[in-house]
Amino acid sequence: MQPWLKLAFKELKNNSRFTFFFLINFTIGLVGFITLDSFKTSLDNHLSLNSKAILTGDISLTANREFNTKELLAVEKIIGNNFKRSKQVSFFSMAAGNNSSRLIQVTAIDPNFPLYGEMVLENSGKIDDSFVKNELLQNRNVWAYRELLMSLRIKKKDTIKIGHASFVVPDVIIDDPGSFISAFSLAPKIYMGINQLEDTGLIKSSSRVRYTVIYRFLEEKETEILARKIVAKFEELYGNNPGIRVQTHIDASRQLGKTLGYLNDYLGLIALIALFLAGLGAAYLYRNFISGRFREMAIMNILGAQKMETYKVAIFQLITLGFISSICAVFLAITLLPLFTQLLAGFLPKGFSTDITGTSIPLSFFMGIFGSFIFCLPVLTKIEGLKPALLLHENVLPTKSSNKARFRSMIAYLPGFILFWLLAIIQANSWIVGSLFIFLFALALIFLGFVGWILFIVCGKLSNTMSVSMKIVLRNLYRNRYSGTSCFLAIALGAMLTTLIPMIQNGLQEEFSKPKGLKVPSFFLFDIQPEQVNPLKMEVMRAGYSLTSISPMIRARLEKINLQEFDSNQSEKTVTREQERERQFRNRTINLSYRTTLHPEEHIVEGKPFSGKYD
């Protein structure tokens, strides 16, 4: 074994307190990163494996009107034989029971539901096609979640009123294929037979209803290719905007994963903060450790050791400590992942489990080995200023920084800054959010550094007016203002980052609950047809209230930009939040509204009010 290698191990063994605290500090910082990365990958894998159960089929067609026979025949000609089909109708309405009412999402199904996945009831267990036919289609029954029954203060076997019809609730839902999606819905879901819809009297020409036809292939088929052919067929029949959405089971899992993606991004930035604090702690632990070894390094140089060997000892120690920290972090993450899953159980699909994935382990070792070296790189540059002649001094410290040494020290911070910038982009899945996070962090660093420097200058000025003991304290702070400013920065940044998250959370909650200076309405009504406005006004007035801010709304879609056809079917793989938002914008409809006058709180910032006839 090389002499410098033996020396590296011996120093770590003799400084067991430093070794222990360095490992504990860096392990804690790495655990958050590994846990979040494994959680993200496990979620993607789960959604991919269960994507058909999420959609309850291979391909679905959705429209705001009922599908005609011509459309279904065209689709089934494309997909060929060997398939099963299920129809659904869904809309929002009110349900009443025991003098209480509640907004609900009605889902009317046929006997083939669900084509994939399981519907489980409390008393009847897992249902099949014949059970749906007997319970829902031949009887005026509905299935609902227990939460809805509790909010309406009713029990099983009681009656619930939907529209003009009353239904019995013979059983409650324990699990259904869309239960995970229901967690993010505006209202609890109830299931009824599709032939019972007419009795409710809720389906009118102006009603906002979603019609869905779902197909399950009984043999292996290229789902994505068939979906593109179906889209092309509808565009051939109706033009570029047929008003029919074609979705595959892969699209459904991707959409669901996007909902949890924001939670992942938020937690990822928290893990980034934890890693930064761990890196900061590691740098200061290593600075204290290496400062005590400057005399030994100077002696080694006198005895003939090359400066490169001194660097080898220091770098090898950091790599070794980072490697051990990574191993500890992986084992700790394996223990914490089940607890993390239980913590988020209300947001996760049933059967979801997390495991340390193949990408998490390399990430852990990369951050452990190279991260520990990058964090401590500014400290390592001080070795360059170490001279054997310093042994003649009482305290062996590197020579005072020259311009060259200061430049070298500044450059040493650059890899750490670049690393955190890239990690912020990866964790936020956004170039803009990640870069903005690092930019604001750098501004805070500069501001706090300036405040700390001024503070130590003030200490020097005040020392002339203080007692002897306070004068010594303030003079020491002034003389060591370079190291003191770095300590001030470490403490200030740590305090800022640890308090930043709850401050933002509380601020957002307060802003959403009641924005300052605004009157928050009790209810928000939408999809009111022109002929319904006056009767609705009269009904609200009879109750002693009034409607405000009534505005027409028009559904539109972007077709051309500067007379150029707008491609709304881009299928490139999205990576960042910006790309995902651009892809969604190309495929969404846009709500347009208009008024003849401005609200009192509105004003024109540029241009002049429109007058005359619009052409």
Problem set entry | Lone unmet requirement of (1) surrounded by fewer than 18 Cβ atoms within 10 Å (Cβ to Cβ); (2) touching a helix residue (DSSP H, G or I) at 6+ places or on another chain (Cβ under 7 Å); (3) of a type in the set (S, T, Y) for T35 | (1)
Exercise. Give me the pairs: first residue in segment 215-234 and in contact (Cβ under 8 Å) with a residue 60 or more places away in the chain, second residue in a helix (DSSP H, G or I), beta-carbon distance under 6 Å, and six or more apart or on different chains, which are they?
Worked result: L226/I79; K229/I78; I230/V75; I230/I78; K233/A74
Seminar exercise, completed: Filtering segment 429-456 down to residues that are open to solvent by 30 Å² or more (accessible area, probe 1.4 Å) and not in a helix (DSSP H, G or I) yields N429
Exercise. Which residues, taken from segment 56-74, are open to solvent by less than 20 Å² (accessible area, probe 1.4 Å) and under 36 Å from the mean Cα position of the chain (by Cα)?
Worked result: T56, G57, D58, I59, S60, L61, A63
For this session: Looking only at segment 457-487, count how many residues are under 23 Å from N288 (Cβ atoms), part of a helix (DSSP H, G or I) and either modelled with pLDDT under 80 or open to solvent by 60 Å² or more (accessible area, probe 1.4 Å) (or both).
Result: 14
For this session: Scan segment 166-212 for residues that are modelled with pLDDT under 80 and among the β-branched types (V, I, T) and report the count.
Result: 1
For this session: State yes or no: is A412 crowded, with 16+ Cβ neighbours inside 10 Å and either at pLDDT below 80 or touching a strand residue (DSSP E or B) at 6+ places or on another chain (Cβ under 7 Å) (or both)?
Result: yes
Exercise. Pairs under 9 Å by beta carbon, first residue over 19 Å from L443 (Cβ atoms) and in a helix (DSSP H, G or I) in segment 406-422, partner of a type in the set (D, E) and open to solvent by less than 100 Å² (accessible area, probe 1.4 Å), six or more apart or different chains?
Worked result: R408/E384
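The values are calculated or read from the model by the stated rules, or taken from the named source; none is laboratory data. These numbers come from a predicted model, not from an experiment. Positions of Cβ are generated from backbone atoms using ideal geometry, with glycine treated the same way; all protein chains shown enter the neighbour counts. The area values use the complete protein model at the heavy-atom level, side chains included, leaving out ligands, DNA and RNA. Shrake-Rupley method; radii C 1.70, N 1.55, O 1.52, S 1.80 Å.
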